[in-house]
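Right, one structure below, let's go through it.
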Amino acid sequence: MIEVSELAANALAQSLQMSGVEPEKGFRLTRQEDKFALEIDSPAQEDKVIEHEGTIVLMVDQDTEQEVGDVLIDVEDRPDGPQLMMRSKPPEH
């Protein structure tokens, strides 16, 4: 299952707002060759949709969610500035 941290949800929502993306659209997590990427898209009926304060911040189709597995999308501070990253969630006991 994919989860988004509060910090990452804020960053995604701000990015969408600053880019002038329509409110009914958000970021879609997609597979591009050997990595995952975010694209602006509208949700499909079978998508998992994650909202933050009424804004669609992330949508994932079932195949991509299954491929990604249990991850947390978070923000990591790097020397060149904060970046989104996916971190495997530890198994729950």
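For the stretch 42-54, taking the residues that are crowded, with 17+ Cβ neighbours inside 10 Å and assigned to a strand (DSSP E or B), the one that is farthest from the chain's Cα centre (by Cα) is identified as HIS52.
Given the structure, is GLU3 within 18 Å of ILE73 (Cα to Cα), in contact (Cβ under 8 Å) with a residue 12 or more places away in the chain, loosely packed, with under 14 Cβ neighbours inside 10 Å and not aromatic (Phe, Trp, Tyr)? So GLU3 does not fit the description; no. Checking each residue in the stretch 74-93 for being in contact (Cβ under 8 Å) with a residue 40 or more places away in the chain and basic (Lys, Arg) picks out only LYS89.
For the condition in contact with a helix residue (DSSP H, G or I) (Cβ under 7 Å, 6 or more places away or on another chain), loosely packed, with under 14 Cβ neighbours inside 10 Å, of a type outside the set (Gly, Ala, Ser) and modelled with pLDDT under 95, what is the one hit in ARG78, ARG31? Before the answer, list the steps.
Working: ARG78 fails: in contact with a helix residue (DSSP H, G or I) (Cβ under 7 Å, 6 or more places away or on another chain).
Criteria check complete, one pass: ARG31.
Here is a check on your reading of the model: is THR64 outside any strand (DSSP E or B), touching a residue at least 24 places away in the same chain (Cβ under 8 Å) and touching a Leu at 6+ places or on another chain (Cβ under 9 Å)? When the stated conditions are applied, THR64 passes them.
Given the structure, is VAL71 in contact (Cβ under 8 Å) with a residue 60 or more places away in the chain and among the aliphatic types (A, V, I, L, M)?
On the way: in contact (Cβ under 8 Å) with a residue 60 or more places away in the chain: yes; among the aliphatic types (A, V, I, L, M): yes.
In short, yes.
For the stretch 4-27, the set of residues classified as of a type outside the set (A, V, I, L, M, F, W, C), farther than 15 Å from PRO82 by Cβ and either over 12 Å from the mean Cα position of the chain (by Cα) or modelled with pLDDT under 95 (or both) consists of GLN17, SER19, GLY20, GLU22, PRO23, GLU24, LYS25, listed by residue number.
If you take the residues of the stretch 1-25 that are in a helix (DSSP H, G or I) and touching an Asp or Glu at 6+ places or on another chain (Cβ under 7 Å), which of them is nearest to GLY69 (Cα to Cα)? First the steps, then the outcome.
So in the stretch 1-25, the residues in a helix (DSSP H, G or I) come out as 6-19.
Filter again for touching an Asp or Glu at 6+ places or on another chain (Cβ under 7 Å), leaving 7-8, 13.
Details: LEU7: 21, ALA8: 18, ALA13: 23 Å.
Looking at residues that are in a helix (DSSP H, G or I) and touching an Asp or Glu at 6+ places or on another chain (Cβ under 7 Å), I get ALA8.
The values are calculated or read from the model by the stated rules, or taken from the named source; none is laboratory data. On a predicted model such as this, the values are computed, not experimentally measured, just so you know. All Cβ positions, even for glycine, are placed from backbone atoms using ideal geometry, and neighbour counts span all protein chains on display.
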